[in-house]
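**Student:** Once you've had a glance at the structure underneath, I'll fire off some questions.
The values are calculated or read from the model by the stated rules, or taken from the named source; none is laboratory data. Predicted model, so just to flag it, every value in this text is computed and none were measured. All Cβ positions, even for glycine, are placed from backbone atoms using ideal geometry, and neighbour counts span all protein chains on display. Please note that ligands, DNA and RNA were not included when accessible areas were found on the heavy atoms of the full protein model with its side chains. Shrake-Rupley method; radii C 1.70, N 1.55, O 1.52, S 1.80 Å.
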Amino acid sequence: MRKIYLVGFMGSGKSAIGRRLSYFLKLPYYDMDTEIVRREKMTIPEIFEQKGEEAFRKIETEFLMDFRDEFCIIATGGGVAMNPKNRKIMRETGLVLFLDATFPDIWKRIHKDKNRPIVQRSTKQELEDLYHERRKYYKQCTHISVRTENRSLRQIVEYCGFQVNRLKGE
């Protein structure tokens, strides 16, 4: 297990948990979307607008295939698990933690976010449908599901850290 992948729907807490888990486990942390923005020299909305969602999904796969070969934590994009190739890469190269948040919790966090193209062009119902559709893909690539409802960031981080250390034999 070289990498720890955090998967889950947009707004499930991947970035917030990833940063804190990095500190907790003393491992480098990378946000997939941030790294893609840096590589492509475009924001996610610009990539979607200029190249389309299909091109963005291809960029995500390329990232998974050739990103640093080191022990690290990676907060993935919310749609990365949709692609079977991505699910296979993550399962084979690391430990996949699914941050399983409820849709009402997610909606509170994302509904006003201008940096999420899908949120801006979708209704609440469409997003909830997408949430339910994507959950099965998160579950297909997951090694450990982490329920986030009614848990503080600290509790979630400590649980994730415990699971990682348990699997490393510490």
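**Student:** For the subset of segment 1-57 comprising residues that are open to solvent by 50 Å² or more (accessible area, probe 1.4 Å) and touching a Pro at 6+ places or on another chain (Cβ under 9 Å), which member is farthest from LEU97 (Cα to Cα)?
**Tutor:** GLU49
**Student:** Now for a separate question. I'd like the full set of residues that are open to solvent by less than 90 Å² (accessible area, probe 1.4 Å) and farther than 22 Å from PHE56 by Cβ, limited to segment 105-119.
**Tutor:** Residues satisfying the conditions are ASP105, TRP107.
**Student:** Now a separate question. Give ILE73, ILE118 a once-over and let me know the one that is touching a residue at least 60 places away in the same chain (Cβ under 8 Å) and farther than 28 Å from PHE24 by Cβ.
**Tutor:** ILE118
**Student:** Within segment 65-88, take every residue that is open to solvent by 100 Å² or more (accessible area, probe 1.4 Å) and of a type in the set (D, E, K, R) and give me the one that is farthest from GLY18 (Cα to Cα).
**Tutor:** Here the residue is LYS85.
**Student:** Please return the ranges of strands (runs of 3 or more DSSP E) entirely within segment 66-170 where 1 or more residues are hydroxyl-bearing (Ser, Thr, Tyr).
**Tutor:** Strands (runs of 3 or more DSSP E) meeting the threshold: 144-147.
**Student:** Condition (residue is under 22 Å from LEU153 (Cα atoms), surrounded by fewer than 16 Cβ atoms within 10 Å (Cβ to Cβ), without any contact (Cβ under 8 Å) to a residue 40 or more places away in the chain and not hydrophobic (A, V, I, L, M, F, W, C)) applied to segment 96-104: is it met by at least one residue?
**Tutor:** yes
**Student:** I've got another one for you. In segment 125-160, what residues are under 16 Å from VAL7 (Cβ atoms), free of Cβ contacts under 8 Å to residues at least 24 places away in the same chain and charged (D, E, K, R)?
**Tutor:** Of everything in segment 125-160, those that are under 16 Å from VAL7 (Cβ atoms), free of Cβ contacts under 8 Å to residues at least 24 places away in the same chain and charged (D, E, K, R) turn out to be GLU133, LYS136.
**Student:** So if I check each of SER152, SER122, which one is out of contact with any Ser or Thr (no Cβ under 8 Å at 6 or more places or on another chain), surrounded by fewer than 18 Cβ atoms within 10 Å (Cβ to Cβ) and within 22 Å of ASN83 (Cβ to Cβ)?
**Tutor:** SER122
**Student:** Out of GLU128, GLU92, GLU133, which single residue is over 16 Å from LYS14 (Cα atoms), open to solvent by less than 70 Å² (accessible area, probe 1.4 Å) and acidic (Asp, Glu)?
**Tutor:** So the residue among GLU128, GLU92, GLU133 that is over 16 Å from LYS14 (Cα atoms), open to solvent by less than 70 Å² (accessible area, probe 1.4 Å) and acidic (Asp, Glu) is GLU128.
**Student:** So, in segment 1-14, how many residues would count as being on the phi < 0 side of the Ramachandran plot, modelled with pLDDT of 95 or more and not in a strand (DSSP E or B)?
**Tutor:** Looking only at that region, the number is 3.
**Student:** Are there any pairs with C-beta distances below 7 angstrom linking a residue in segment 25-48 that is within 17 Å of ARG68 (Cα to Cα) and part of a helix (DSSP H, G or I) to a residue that is modelled with pLDDT under 90 and not small (Gly, Ala, Ser), with the two at least 6 apart or on different chains, and if so which?
**Tutor:** From residues that are within 17 Å of ARG68 (Cα to Cα) and part of a helix (DSSP H, G or I), the pairs are ASP33/ILE44; VAL37/ILE44.
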